[in-house]
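Since the structure comes first, as structure tokens, the remarks are kept for the end.
The values are calculated or read from the model by the stated rules, or taken from the named source; none is laboratory data. Model, not experiment: these values are computed from the prediction. Here the Cβ is made from the backbone with ideal geometry for all residues, glycine too, and neighbour counts use every protein chain on show. Keep in mind that these areas ignore ligands, DNA and RNA; they rest on the heavy atoms of the full protein, side chains included. Shrake-Rupley method; radii C 1.70, N 1.55, O 1.52, S 1.80 Å.
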Amino acid sequence: MVILRPRSLSGLLSAALLLIVLPLAVAVVYGAIQLRQLSRTSDALVRDSIALTQQTQVLFQNIAAMERSASLYGVLDDPRLAAAFDANHRAFTRSLEMLANSGPQPQVARVQAAGEAASVLVHGAMAEDRRSALVAHFDVLGNEANALADQNREGIDTRLQDAERQAAATQQWLLWAVMALVPAFIAMAAIFAF
């Protein structure tokens, strides 16, 4: 059996350097790349969470304003209140369009349909019919909007869990990479011992 031994002290030091530093350098570079990727992922997650929260708050404010103006219009039957409802409905539609870019499309469509049903009721029904049906229509709209908010929250939670899994996998890989250096240290000790 032939044992490879360096012929000089500088050759021995070079071999030790290659056996220890090269894998360590690869692990450090990999860790830095993964850390940058995790940082970008978490930054995007925070930005998306803030934007979704703000857009959802605006949506609920618009629904409340629509309900107020529709209720007042149902009682007073004043055309100015119908115009106020229309303005609130347009704001509701704009806020829903902003949520449609990042929210689940089927649920956004259900919220839109509930909002349109409320609008049709406000403009199409007789005053007596309007008053009795407004509460039910806005309850449906509120429930659909709550479901949309819940689905958005679940989407953010899922992305957060994915980022946590990725961080744990990176941490485990780095641990195994460092632990793989232990045999290299033992080999270097054996070389120096003989």
Handout entry: Residue list for the stretch 44-82, filter: over 18 Å from Glu116 (Cβ atoms) and of a type in the set (A, V, I, L, M, F, W, C)
Key = Ala44, Leu45, Val46, Ile50, Ala51, Leu52, Val58, Leu72, Val75, Leu76, Leu81
Practice task
Taking Ser132 as the residue in question, decide whether it is closer than 13 Å to Tyr73 by Cα and open to solvent by less than 40 Å² (accessible area, probe 1.4 Å).
Solution key: no
Completion exercise
Flagged in the stretch 63-83 as of a type outside the set (A, V, I, L, M, F, W, C) and in contact (Cβ under 8 Å) with a residue 40 or more places away in the chain, in numbering order, are Glu67, Ser71, Tyr73, Gly74, Asp77
Practice task
Of all residues in the stretch 149-161, count the ones that are charged (D, E, K, R) and open to solvent by less than 70 Å² (accessible area, probe 1.4 Å).
Solution key: 1
Practice task
Could you grab me the full set of residues in the stretch 86-101 that are within 13 Å of Phe60 (Cβ to Cβ) and in contact (Cβ under 8 Å) with a residue 40 or more places away in the chain?
Solution key: Ser95, Leu99
Handout entry: Residue count for the stretch 15-36, restricted to those that are open to solvent by 40 Å² or more (accessible area, probe 1.4 Å) and over 18 Å from Val182 (Cα atoms)
Key = 6
Practice task
Considering only the stretch 37-94, state which residues are more than 21 Å from Ser132 (Cα to Cα), hydroxyl-bearing (Ser, Thr, Tyr) and open to solvent by less than 40 Å² (accessible area, probe 1.4 Å).
Solution key: Ser49, Thr56, Thr93
